[in-house]
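Only one structure is covered here, and it is reproduced in the block below.
The values are calculated or read from the model by the stated rules, or taken from the named source; none is laboratory data. These figures come from a predicted structure and were not determined experimentally. Positions of Cβ are generated from backbone atoms using ideal geometry, with glycine treated the same way; all protein chains shown enter the neighbour counts. Just the protein is used for accessible areas: all its heavy atoms, side chains included, with ligands, DNA and RNA removed. Shrake-Rupley method; radii C 1.70, N 1.55, O 1.52, S 1.80 Å.
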Amino acid sequence: RGARGGAGAETQVGNDLGSPEPLRWLLRSPFDRNVPVQLELQELLLDHVFQRLGVASQGCVDHPIVLTEAVCNPLYSRQMMSELLFECYQVPKVSYGVDSLYSFYHNRRQNWPCSGLVISSGYQCTHILPVLEGRLDAKNCKRINLGGCQAAVYLQRLLQLKYPGHFAAITLSRMEEILHEHSYIAEDYVEELQKWRSPEYYENNMHKMQLPFSNKLLGSTLTSEEKQERRQQQLRRLQELNARRREEKLQLDQERLDRLLYVQELLEDGQMDQFHKALVELNMDSAEELQSYINKLSLSVEQTKQKILQAEVNIEVDVVDSKPETPDLDPLGSEQSLEDVESINEFEPLFAEEQPEVEKPVAAVQPVFNLAEYHQLFLGTERIRAPEIVFQPSLIGEDQAGIAETMQYVLERYSKEQQAILVQNVFLTGGNTMYPGLKARVQKELLEMRPFQSSFQVHLASSPVLDAWYGARDWAVEYTTREEGWITRKDYEEKGGEYLKEHCASNVYVPIRLPKQAPRTTEALAPSRVLTSSAGNPCEQA
């Protein structure tokens with residue numbers, strides 16, 4: 001907020017923003033989807049976090065840090081994050097893990113298998129993560145670039161097409177509220193759409209959402225006196241603004257004039273070297289050009305002073321819309337004769353029938369129009385169409401596979417025995433899995449793709465949004481005194497920022513492999529160098 005990089009600039013994070021709608025397209029984020037790419041913004045976020053937690057970040061942060069990262073996070077992103085934490089905050093050690101695996105770790109129960117198929121759907125993307133014997137099989141992970149954000153945008157497009165009169169009021173924040181409170185996943189999408197064709201089903205299952213509105217009519221909000229007062233206030237503001245601008249212009253012109261007069265005094269005192277140097281700084285060629293600039297500035301200063309004096313005299317200006325006074329007119333004349341009056345009275349019966357009747361006051365008939373009902377959104381099939389995109393991305397034109405097809409593709413990469421182990425613990429986590437009916441839909445999809453009479457189990461995280469944090473907390477408490485999973489400053493300095501120590505909830509570490517340089521050909525070498533090498537040691541030749 002405020003001037004970019006200036007003294008008045010202020011950084012606001014999270015709930016300090018208030019309503020994000022006016023600023024939604026101006027918000028800056030360190031993330032590209034779920035991967036941090038702008039580390040200068042990440043530093044601002046970490047400062048905000050440490051300040052709110054009461055952790056002193058001056059000099060160093062003397063606390064181990066457990067940080068979540070994206071599945072198969074790019075090494076460059078991890079390297080920059082490690083550099084920020086170790087170099088800027090001087091943390092003693094860091095551990096990186098995957099949020100959905102922390103949630104899987106937190107929800108483990110007794111007699112739970114260490115293997116399973118984790119389906120994690122968040123704000124930007126959805127992941128299918130196979131876990132075998134407690135470790136992530138990174139080679140067979142799959143990502144779908146759809147999540148809650150795309151569902152909210154799709155719902156916004158649907159309702160804006162349905163209610164073009166409320167285009168501005170259908171905001172992304174309201175769409176996210178509708179997704180959280182009114183949407184659900186259909187167990188059979190086509191069959192559910194057929195149900196919505198029934199008027200009775202529509203009336204019983206349709207939800208109404210009230211948009212904010214005002215009862216005041218635009219035409220009758222202000223009286224004539226209020227309009228006149230507002231006009232006068234605007235005039236005063238304009239006068240004050242013009243006066244301020246004139247004063248600023250006068251100050252700048254006066255400073256320039258003083259500078260030019262000082263240079264002219266150098267000429268009069270005979271200090272020619274300083275005078276010519278000052279002329280070069282002013283980008284002028286001669287004393288005559290200097291004199292013309294002085295004359296112009298003096299005239300401009302005098303004119304500005306006169307305008308300021310005139311504005312101070314006329315600062316109190318009252319603009320009143322007064323009607324022009326009309327003189328009293330005598331339509332019959334002051335010296336009307338009695339005969340004229342009698343002749344007029346003779347014609348009165350002839351015009352009596354044609355005279356318009358006096359208008360009687362008629363009670364104003366208000367149109368029957370309910371503003372509150374006009375500002376209502378009727379949510380019908382939109383309740384199931386928006387969240388359906390994670391199963392059918394083609395609804396929004398995405399050329400991707402849905403959750404069911406991706407899950408089947410991942411399972412087919414394993415043997416039948418491993419498939420049977422994975423489907424015994426299908427685990428759903430992430431904020432985008434909180435739709436009612438999602439668990440039943442996944443069970444139905446598994447029933448269709450698994451062999452006849454085979455068993456499977458689907459579990460939903462106890463708190464799909466917060467379980468990642470709870471799992472990271474449980475892991476940190478359990479592994480605080482161990483070396484497993486922790487990257488120390490010594491590891492960072494020896495092995496680089498992209499280094500990762502694996503643990504049960506982490507990614508798989510894939511070190512950077514530099515391409516081998518092609519051997520130099522003998523044709524590119526000089527003849528003398530070739531003769532020398534051929535006579536030397538074979539090891540030296542290699």
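Of all the residues in segment 199-223, those that are over 16 Å from I170 (Cα atoms) and modelled with pLDDT of 90 or more number 8.
Limited to segment 179-188, what total is found for residues that are farther than 16 Å from V442 by Cα and open to solvent by less than 20 Å² (accessible area, probe 1.4 Å)? Break it down stepwise before answering.
Narrowing segment 179-188 to residues farther than 16 Å from V442 by Cα: 179-183.
From what's left, open to solvent by less than 20 Å² (accessible area, probe 1.4 Å): 179, 183.
Result for segment 179-188: 2.
List every residue pair whose Cβ atoms sit under 7 Å apart, with the two residues 6 or more apart in sequence or on different chains, where the first one lies in segment 370-393 and is in the same structural domain as N204 (by the TED database) and the second, anywhere, is buried (at least 19 other Cβ atoms within 10 Å of the Cβ). From residues that are in the same structural domain as N204 (by the TED database), there are no pairs. Scanning segment 126-138 turns up no residue that is of a type in the set (D, E, K, R) and part of a helix (DSSP H, G or I). When Q42, Q51 are checked against the criterion of being more than 28 Å from V153 (Cα to Cα), of a type in the set (S, T, N, Q) and at pLDDT 85 or above, Q51 stands alone in meeting it.
For segment 457-485, the tally of residues that are part of a helix (DSSP H, G or I) and surrounded by 21 or more Cβ atoms within 10 Å (Cβ to Cβ) stands at 5. Here R246 meets the list (1) free of Cβ contacts under 8 Å to residues at least 40 places away in the same chain; (2) on the phi < 0 side of the Ramachandran plot almost entirely, failing just condition (1).
The conditions of being modelled with pLDDT under 85 and outside the structural domain of G165 (by the TED database) are met by L279. I'd like to know if segment 146-160 contains one or more residues that are over 30 Å from L371 (Cβ atoms), within 19 Å of the chain's Cα centre (by Cα) and in a loop (DSSP other than H, G, I, E, B). Yes, segment 146-160 contains a residue that is over 30 Å from L371 (Cβ atoms), within 19 Å of the chain's Cα centre (by Cα) and in a loop (DSSP other than H, G, I, E, B). Scanning segment 383-418 for residues that are at pLDDT below 95 and open to solvent by less than 30 Å² (accessible area, probe 1.4 Å) yields nothing. For segment 161-178, the count of residues that are open to solvent by 20 Å² or more (accessible area, probe 1.4 Å) and of a type in the set (F, W, Y) is nonzero.
Residues that are within 18 Å of L136 (Cβ to Cβ) and open to solvent by 60 Å² or more (accessible area, probe 1.4 Å) within segment 49-73 comprise T68, C72, listed in sequence order.
A search for C-beta distances below 8 Å between a residue of segment 139-154 that is aromatic (F, W, Y) and modelled with pLDDT of 95 or more and any residue that is outside any strand (DSSP E or B) and open to solvent by less than 30 Å² (accessible area, probe 1.4 Å), counting only pairs 6+ apart in sequence or on different chains, returns Y154/A386; Y154/I389.
E191 meets the stated requirement of being open to solvent by 50 Å² or more (accessible area, probe 1.4 Å), closer than 30 Å to T433 by Cβ and part of a helix (DSSP H, G or I). Within 49 Å of the chain's Cα centre (by Cα) and modelled with pLDDT of 85 or more: is that true of E247 in this structure? Judged against the criteria, E247 is a match.
Residue-wise test of (1) among the basic types (K, R); (2) open to solvent by less than 10 Å² (accessible area, probe 1.4 Å); (3) under 21 Å from E43 (Cβ atoms).
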{"site": "Y76", "(1), (2), (3)": "no, no, yes"}
{"site": "V94", "(1), (2), (3)": "no, yes, yes"}
{"site": "S103", "(1), (2), (3)": "no, yes, no"}
{"site": "I119", "(1), (2), (3)": "no, yes, no"}
{"site": "Q124", "(1), (2), (3)": "no, no, no"}
{"site": "L132", "(1), (2), (3)": "no, no, no"}
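Residue count for segment 421-442 satisfying the condition of being open to solvent by 70 Å² or more (accessible area, probe 1.4 Å) and not hydrophobic (A, V, I, L, M, F, W, C): 2.
Among the residues here, N140 does not qualify as of a type outside the set (G, A, S) and under 12 Å from V390 (Cβ atoms). Would you pick out the residues in segment 418-456 that are aromatic (F, W, Y) and either without any contact (Cβ under 8 Å) to a residue 12 or more places away in the chain or outside any loop (DSSP other than H, G, I, E, B) (or both)? Matches in segment 418-456: F427, F452.
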